[in-house]
Each structure stands twice: as structure tokens, then as C-alpha cells.
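The values are calculated or read from the model by the stated rules, or taken from the named source; none is laboratory data. As the structure is a prediction and not an experimental result, all values here were calculated from the model. Neighbour counts run over all protein chains shown; Cβ positions are idealised from the backbone, glycine included.
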Amino acid sequence: MQNIQQFDRFIYGELSPEERKKFISRLKTDKDFATDFKAYILTVAGICKEAQLDDIEFATAMKNITPEQLLEIMGYRKHSPFPAQTDDAPLSGARFDLAVGFGESAPVFNASASSKIQEERSKIDEERSRIDEERSKIEEELPSLHGRLIYFEAKKISETEAPATKKSGSSTKTRSAKTWSAKTWIWQASSIAAVVLIAFIVVLDFEKRGRENVDNVVFSFYADDLSAVSRGGDDTSIGSDGQSFTLEAYTSDPAKAIPVLIKKYESVDSPQDIAIYGKLLALAYIKAHDRRNARIVLQTIIDKLSAYSPDWDDTISECRTILNAVG
Amino acid sequence: MPTNFQEIANQWYEKMRLPFFNLMISRFPRLRGGEIEDIYQNIFIAIQENFEKGRIKDNTSWYSYIMTVGYNLACKHMRHADITDSYDGFDDNHDRPTTLDRIKAINLELQEEDISLFDNPEADIVLGEEIARTPEPCATILRLFYYERMPLANIAEVIGFNSARSVQSRRWQCVRNLISPVKAALKRAGIII
């Protein structure tokens, strides 16, 4: 670590003339130091050359694609920022020339926006249309339900009132009218209550599905980082005593891995293992929509890694972000 | 590997989205998602326009270029909307010597002292393979620090870290993790002893 700092300072000219002299003489005398420096400088040069190639590739691509191809990449704008353009049409070549500038209409739809977001959007749209269908069915059925209710109420009243009507004439008629009015009010209230209850259940169901979608997005977003765990070796399995499984298996069905991960997480004590297995466990809980346990695990990771601050601050902040997302 | 120009441009368009959104959210918290998306699209339109007008240098570092153009467009948009959010400019480091220039100068200096650094062209092949395997966020941090010469505070903004200090400690960790396999590969290839 100290060597890397020194190498950085050397290549960026931050060493004093005296330190520089010492550095060069050490390169001549200390073979290990010289080998480390050579590996370092070749690595840094390699990073820069790779980045340079990337840049050349991008520049060549941008020079060679047509404006239409670029628009295809970006997707079309549902609300064009350019004046006198119909809102739903993609930008034409002529409009494209107007290029940079902002119009009044802020919301912009980008068809090539991240595929995950689009998937979620389409799921939500499907869900909405399903709810609308259910609602319209309920509304269609309501008048007939009301009709049946009125019929049964009327029949019940006529049956109970029939003997009394025979006995007393006009006074019974008045009482019967009052009862009818009260009964009408009751069935109206009960109908409204039923509609409210149905709406409440639909909203609850929608919210639950929404929460589950958020859990899935959080899992798939952070699970992508799991590839980093296997960096530098072939050891992609977790667990022992016949309970091991691969990271691929974890990604496809994380809920199965929870018992193994709990054991593993409880047994580790190095900050790196706490971060890796803790996050795997928390994400498995999230995928299983068990937010309560996920929050507990995330909080313990934060508490444990706080002792290793600032080296693990970024992991702590990542855990806080996940905690906020599932909070 | 991308097979055509549109695919390469598409990869960059997707790759730069998150860092750009991070920068905008950090610098202009009052910008809405739709407005950021609008600015992001305009950057790519502007790049193509600038190519047509011959305004782009050969050795442009695209990461910094995209961030700088986006930052300027956002400032323009905020001025138009009469809102001020960010007081700092985005450091694009165009005038500083590049790391590769520095390494070349050091190589010449050390050659005078009879120390040779680049004596094997095969090193690039070995390095390319190892560097391509670097995971995120290390790949981005190392690229931004060594190639783009981006200040640590700016790197923290674009990759969504809390502070420059976090980036610094992660960078050391990333270099260490990359150098070990590189050293082993170079030794296997007989490039270093």
C-alpha cells in the first residue's frame, strides 16, 4: 500500500528532489521494489492504453453513425422539446439539426431507458389494466346486485307487514313507508361500504405488488455486484458440510441459500467477509420479500463495519442506501 | 464484443447514464429526472454535431468530455429556469499532461539511469487481458483517476461515493487487487523476473 502511494507520487512529480533521488537509487539497489514499480507502471500504462482504445472506438462510432441511428439508440421523445413538432413523432433529420436547447415541456420519454425500468413500467401498466378490468366488472355487477337486494328487501317487508296491513289501514302504510326508506338507506350504505372495501383491497394488493417489484429491482441491481466476489480466483461456492452452492444458484434462487448464509455470516469476523456474506444474506431476504430480516442484517453490517471506518465507508453507505430503499 | 458502430455508441450511451445522473443529482438536486434525461440526450446530439463541425480534438477523453458538456448544458438550463444550484465548475483537466505522457517522460529519465521499464511489447497483450477482467467500480475508478486525471471529489460524485477519502481507499485496494494478478501474469510470460 505504502509503495503504491509512493509510486503515485513519483509519476505525478509530487516527490521532493531528495525523495526522488532516493527513489531512483532504491530502484537500482532493491530488486523487489524495482519489480513492484515495473508491474505498477505497466499496469497504469495498460489502464491508460485500454481507455485510449475505448475512446478511439467511441469517437469512430459517433463519427460513423447517422443521426437516425443515434435517435434509435436514444429512443424517441414523447414530448418533443422542440417547438412546432407534433408531440408523439420522433425527431426528424431537420429538427435534429436544431440540436442543443431546452423547450418548455419537461417530461421526456426515452424508449431506450434502462431495460429494467421499462420492464417494471410495463408490469405496473399490466397491473393497472388488470385492476381497471376488475373494477369495471364489479361496476357492471353492482346494478344487478342492487336490483336483487331491492327485490329481497321489498319481499321481506311485504311479508312482515302483510298481517298488520290487514289490521290497521293508513297508519300501517305510513310505518311501512318509513321502514322502506330506512332499509333503502341501509342497503345504500352497505353498497358504498362494499365498494370502499373492494377498492381498499385492490389498493392494498397493488401496494404489495409495488413493494415486491421494488424488492426485485433492489436485488437485481445489487446482485450484479456479486460477480466481483469471485474476482481473483475460482472459488465461487459458499457454505460447507454438503450445503454449498454456487453464486449462479444463489442468483437464481437466493431464498434457498438463506440458512447457509446465516451460518456463514454468524461465523465470519473479517470486515471483507462481513460485507460480502452480510450483503448476500440481506439481498436474499429482500428477494424473499422479508424486509424485516433484511433490515436487521443490514443494520448489523453497518454496526460491525463502523469499527473499520473509513476504509469500509462506501460499503456502509451502500447498506444505508439499500436500507432506505426497503425501509 | 460490439460488432458495429451503433452497438458501440449504444454501449457508451448505457454505460454513461448512471455516472451522469449521479453527477447531476449531486450538483443540481432540483433538476427533475425528465430534465436530466433531456440533457443527457442533448449531449450525444451535441457530440455528433461537433464532429460534423470539426470541433473535436483527436485525443479527447470521452468520459470527461461527456460530463463537462452535460454540466455546461445543465448550467445553461438552470440559468434559463433562473435557478442556481451548483457554484463549482466541473474540472475537465484538458490542459494537464496525461499519465501516459508522464510515464513516457519517466521512462526516458530512467533510461539515462540505466533502468529499463518498457522492454517487451508482449506486456500489452498480457495487461489487456488482466485489465479487461477488472470488476466495477474498480475499472471506473482506475480509469477516471489514471487516464482522465479526474479529481477524487469528482470521482466520488460520478460513482456515487460519499467522499473523496472513500474513493482514495477504494482506489488503493483496486490497484493492489489488479497489480497482484498482473505481476503474476507478467512473471509467467517472462516479462518481469
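Of these, A:Val229, A:Val214, which one is surrounded by 14 or more Cβ atoms within 10 Å (Cβ to Cβ), closer than 26 Å to A:Leu280 by Cα and at pLDDT 60 or above?
Numbers: A:Val229 fails: at pLDDT 60 or above.
None of the other options fit; the residue is A:Val214.
Output the number of the condition that B:Ile39 fails; it satisfies all remaining conditions of (1) at the interface with chain A (Cβ under 10 Å from one of its Cβ atoms); (2) in contact with a Ser or Thr (Cβ under 9 Å, 6 or more places away or on another chain); (3) at pLDDT 85 or above.
(2)
Looking only at the range B:161-180, count every residue that is surrounded by fewer than 18 Cβ atoms within 10 Å (Cβ to Cβ), closer than 15 Å to B:Leu127 by Cα and at the interface with chain A (Cβ under 7 Å from one of its Cβ atoms) and tell me the total.
2
Of the residues B:Arg79, B:Arg55, only one is surrounded by fewer than 21 Cβ atoms within 10 Å (Cβ to Cβ) and in a helix (DSSP H, G or I); which? Spell out how you get there, then give the answer.
Working: B:Arg55 fails: in a helix (DSSP H, G or I).
Criteria check complete, one pass: B:Arg79.
Could you list all residues from the range B:142-165 that are part of a helix (DSSP H, G or I), among the small types (Gly, Ala, Ser) and out of contact with any Ser or Thr (no Cβ under 7 Å at 6 or more places or on another chain)? Break it down stepwise before answering.
First pass over the range B:142-165, keeping only residues part of a helix (DSSP H, G or I): B:142-147, B:152-159, B:164-165.
Subset that is among the small types (Gly, Ala, Ser): B:153, B:156, B:164.
Matches in the range B:142-165: B:Ala153, B:Ala164.
If I ask for residues that are of a type in the set (D, E, K, R) and either under 24 Å from B:Asn177 (Cβ atoms) or more than 7 Å from chain B (Cβ to nearest Cβ) (or both), which ones from the range A:1-32 would you list?
Here is the first cut: in the range A:1-32, the residues of a type in the set (D, E, K, R) are A:8-9, A:14, A:18-22, A:26, A:28, A:30-32.
Scanning the range A:1-32 gives A:Asp8, A:Arg9, A:Glu14, A:Glu18, A:Glu19, A:Arg20, A:Lys21, A:Lys22, A:Arg26, A:Asp30, A:Lys31, A:Asp32.
Considering only residues of the range A:191-208 that are under 20 Å from the mean Cα position of the chain (by Cα) and surrounded by 13 or more Cβ atoms within 10 Å (Cβ to Cβ), which is modelled with the highest pLDDT?
Within the range A:191-208, the match that is modelled with the highest pLDDT is A:Asp205.
Among the residues in the range A:301-311, are any within 20 Å of B:Glu136 (Cβ to Cβ) and modelled with pLDDT under 85?
The answer is yes; a qualifying residue exists.
With A:Thr300, A:Thr315 as the choices, which residue is within 30 Å of B:Ala164 (Cβ to Cβ) and surrounded by 21 or more Cβ atoms within 10 Å (Cβ to Cβ)?
Details: A:Thr300 fails: surrounded by 21 or more Cβ atoms within 10 Å (Cβ to Cβ).
Just a single option satisfies the conditions, and that option is A:Thr315.
Of all residues in the range A:33-58, how many are facing another protein chain (nearest Cβ under 7 Å) and within 33 Å of the chain's Cα centre (by Cα)?
So the count comes out to 6.
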